Amino acid sequence: MIPSASGATTEVASERNRLLGAFARIYRRDSADALAEAFVADQLVQVQLNLSALGIPTIPTAQALADLDTTAIEAAFTSRGRVIWGVSATYNTAHPDPHVREETTTKAAYFIASLGALQPIAATLCTGTRDPDNMWRPHPDNTMEAAWIDMRRALDELIPAARHAGVLLAVEPEPGNVVIGTAEAKRLVAELGVDAEQIGFILDPANLVSASPPQQHERLLSEAFQELGTKTICVHAKDIQPWVRTLKGGQGVDYDLVGRLYHALPNQVPFIIQDATEDELPQVRDWLVRRLNATAPQ
């Protein structure tokens, strides 16, 4: 049972409890032990780790990586029954400056190749934008073939690094990136051929519908979960509005629909809370648990 913010309890099947987690960067701690304890306190098992939660750059330099005790970080979580499902390796894979793009890709590949000690399922990526200052910001040139080609070249360098570490590369369709939705995700799988075995998709309902009117949301979400389901390795839980509004009853993403689609996935995958504050996190957790319970197959 997961305690609610009010001290009441919410029943949740143990398997769904095990799959619920959060972004580590919701917290800010000065050690892996303290960060893992925060997940224990909020009774969240799955960890999407970004080293920035520990005051370390998301993609550390080679020297910083050499100084980092990744075995101890992994042990801090696993000794407490937590699972590092993914580690962030996000950077702008379609940056308009080729020097910046190539230099960061080389650094990211080195980092991803070292992730074996943390034992994650995946290294999470950003498929990039032509905006030079913000990797998540839309740009009109993102739909140009040149941006796609640059993103693909980056993936071609990252895939061998992921294979070496025994991890998948997690690609998330984002409204501001080159892989913007389901169609682009399917194109990526088709183009990669056998290398597509090295990637999986994160489905974020808010990202999938944020640029579309409400009457299209059900179609877009159903299409993504059905067509990318066999390649889906994680679902993100955030809303198209701040969580504080959702918790007060505001209309956002239809999470009853999301719950049904999530339960229908061919594989059980982590369900990761994003964009909540640390204070909001227990309430968001309880809100999501109620919807997962209500939509679970009987």
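Just so you know, all these numbers are worked out from the coordinates, no wet-lab data involved. Everything quoted here is computed from the prediction, not taken from an experiment. Neighbour counts run over all protein chains shown; Cβ positions are idealised from the backbone, glycine included.
P(r) of the range 152-251 in 5 Å steps, Cα pairs, percent per bin?
2, 12, 22, 22, 17, 12, 7, 4, 2, 0
So if I take the centroid of the Cα atoms in the range 189-227 and the same for the range 119-166, what is the distance between those two points in Å?
Value for the Cα centre distance between the two parts: 16 Å.
Could you give the nm distance between label points at Gln216 and Gln43, where each point is 7 Å from its Cα heading toward the beta carbon?
My value for the distance between the label points is 4.0 nm.
Considering the dipole of the range 2-295 built from charges on the beta carbon (Lys and Arg +1, Asp and Glu -1) around the Cα centre, which of Thr129, His263, Asn50 is farthest to its positive end?
The residue sitting farthest along the positive end of the dipole is His263.
Mind checking the log10 I(q)/I(0) for the range 2-295 at q = 0.12, 0.16 Å⁻¹? Debye, one equal scatterer per Cα, no solvent, two decimals.
-0.76, -1.39
If you average over every viewing direction, what projected area does the convex hull of the Cα atoms of the range 56-131 give, in nm²?
Directional mean of the projected Cα hull area for the range 56-131 stands at 5.2 nm².
In a shell of Cβ-Cβ distance under 11 Å around Ser212, excluding Ser212 itself, what net charge do Lys and Arg (+1) and Asp and Glu (-1) give?
Combined, the nearby Lys, Arg, Asp and Glu give 0.
Antiparallel as a % of all DSSP beta bridges within the chain, to the nearest 5?
Beta bridges within the chain, antiparallel portion: roughly 5 percent.
Listed highest first by mean packing, meaning other Cβ atoms within 10 Å per residue, what order do 87-97, 246-256 come in?
Sorting 87-97, 246-256 by mean packing, highest first, produces 87-97, 246-256.
Provide the FRET efficiency to the nearest 0.05 for the Arg163-Arg290 pair, computing r from the beta carbons and using R0 = 45 Å.
E between Arg163 and Arg290, to the nearest 0.05, is 0.65.
Describe numerically, in nm with one decimal, the distance between label points set 7 Å from Cα along Cα→Cβ at Glu197 and at Asp133.
The answer from the label model is 4.4 nm.
List the lysines whose Cα lies under 30 Å from the Cα of Lys107, skipping any in the same chain that are fewer than 8 positions away.
Partners within reach: Lys186, Lys231, Lys238.
Using label points projected 7 Å from each Cα along Cα→Cβ, tell me how many nm separate Ala75 and Asp30, to one decimal.
2.2
Find the eigenvalues of the gyration tensor of the Cα atoms of the range 193-298, then list the square roots of 5 times those eigenvalues as equivalent ellipsoid semi-axes, largest first, in whole angstrom.
Calculated on Cα positions only, the semi-axes equal 23, 15, 14 Å.
Taking 0.36 nm per residue of separation and subtracting the Cα-Cα distance, what length does fully extending Glu145 through Gln251 add?
That works out to 34.5 nm of additional length.
How much mean residue ellipticity at 222 nm does the chain get from its helices, if each DSSP H run of length 4 or more adds -39500 (n - 2.57) and you divide by all residues, to the nearest 500 deg cm²/dmol?
Using -39500 (n - 2.57) per qualifying helix, the result is -12000 deg cm²/dmol.
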